[in-house]
1. From the list 80, 115, 68, which one is more than 15 Å from residue 43 (Cα to Cα) and in contact (Cβ under 8 Å) with a residue 24 or more places away in the chain?
2. Considering only residues that are aliphatic (A, V, I, L, M) and outside any loop (DSSP other than H, G, I, E, B), which ones fall in segment 30-87?
3. So, in segment 113-138, how many residues would count as being more than 16 Å from residue 90 (Cβ to Cβ) and either touching a helix residue (DSSP H, G or I) at 6+ places or on another chain (Cβ under 8 Å) or modelled with pLDDT of 85 or more (or both)?
4. Any idea which of 53, 57 is more than 13 Å from the ligand (Cβ to nearest atom), over 10 Å from the mean Cα position of the chain (by Cα) and modelled with pLDDT under 90?
5. Consider segment 1-24. How many of its residues are without any contact (Cβ under 8 Å) to a residue 12 or more places away in the chain and assigned to a loop (DSSP other than H, G, I, E, B)?
6. Of all residues in segment 30-46, how many are surrounded by 14 or more Cβ atoms within 10 Å (Cβ to Cβ) and either free of Cβ contacts under 8 Å to residues at least 24 places away in the same chain or out of contact with any Phe, Trp or Tyr (no Cβ under 8 Å at 6 or more places or on another chain) (or both)?
7. Please indicate, with yes or no, whether at least one residue in segment 15-29 is more than 8 Å from the ligand (Cβ to nearest atom), in contact with a Lys or Arg (Cβ under 6 Å, 6 or more places away or on another chain) and among the hydrophobic types (A, V, I, L, M, F, W, C).
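The values are calculated or read from the model by the stated rules, or taken from the named source; none is laboratory data. Everything quoted here is computed from the prediction, not taken from an experiment. Cβ: placed from backbone, ideal geometry, glycine included. Neighbour counts: every protein chain shown.
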Amino acid sequence: MRGRMTTRDRLITWGLQVSRGCLLCNEPEESSDHLFFTYLFSQEVWCSLMSHPSLNPPLVFSQIVQWITKPSSLPKLNTICSLVLQATVYEVWRERNARIHGATHRRPGFIIRDIQLTIRSKLACFPGTSLLFVQPFA
Ligand SMILES: [Zn+2]
């Protein structure tokens, strides 16, 4: 949220000699905005998880930072949106780092499933919220 992930665009501003390109798709520049939301892989994860009919999530990181403060008029759904955002950023970052270190690649569907399992286990602590995450998130 504060743009402190060590994406390649930031490493270059620190004077490190690294390639500017995205590790996942070879776009010319790896930035937080690209990596987490404009990269098609990330967009597929984000849009799939945010497909609730009362939500209209933006796809640009700076707009998402604003939007996530109140994505809907439903407090419980807002909690879920915050959890989904955190889990999406975490899983995309984890996938990026796994590819750097040569681990096998996960497709978006596997990441979506992992995020759904994580969110469902988190929601077990909040009575009445798990039903919000069954459809259409499932
Ligand atoms: Zn990319």
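1. Of 80, 115, 68, the one residue that is more than 15 Å from residue 43 (Cα to Cα) and in contact (Cβ under 8 Å) with a residue 24 or more places away in the chain is 80.
2. If the condition is that a residue be aliphatic (A, V, I, L, M) and outside any loop (DSSP other than H, G, I, E, B), then 35, 40, 45, 49, 64, 65, 77, 80, 83, 84, 85, 87 are the ones that fit.
3. Within segment 113-138, the subset more than 16 Å from residue 90 (Cβ to Cβ) is 123-138.
If we keep only those that are either touching a helix residue (DSSP H, G or I) at 6+ places or on another chain (Cβ under 8 Å) or modelled with pLDDT of 85 or more (or both) as well, we get 123-124, 126, 128-130, 132-133, 137-138.
Going through segment 113-138 one residue at a time, the tally reaches 10.
4. Only one candidate qualifies: 53.
5. Residues in segment 1-24 being without any contact (Cβ under 8 Å) to a residue 12 or more places away in the chain and assigned to a loop (DSSP other than H, G, I, E, B): 9 in total.
6. 9
7. Yes: segment 15-29 contains one or more residues that are more than 8 Å from the ligand (Cβ to nearest atom), in contact with a Lys or Arg (Cβ under 6 Å, 6 or more places away or on another chain) and among the hydrophobic types (A, V, I, L, M, F, W, C).
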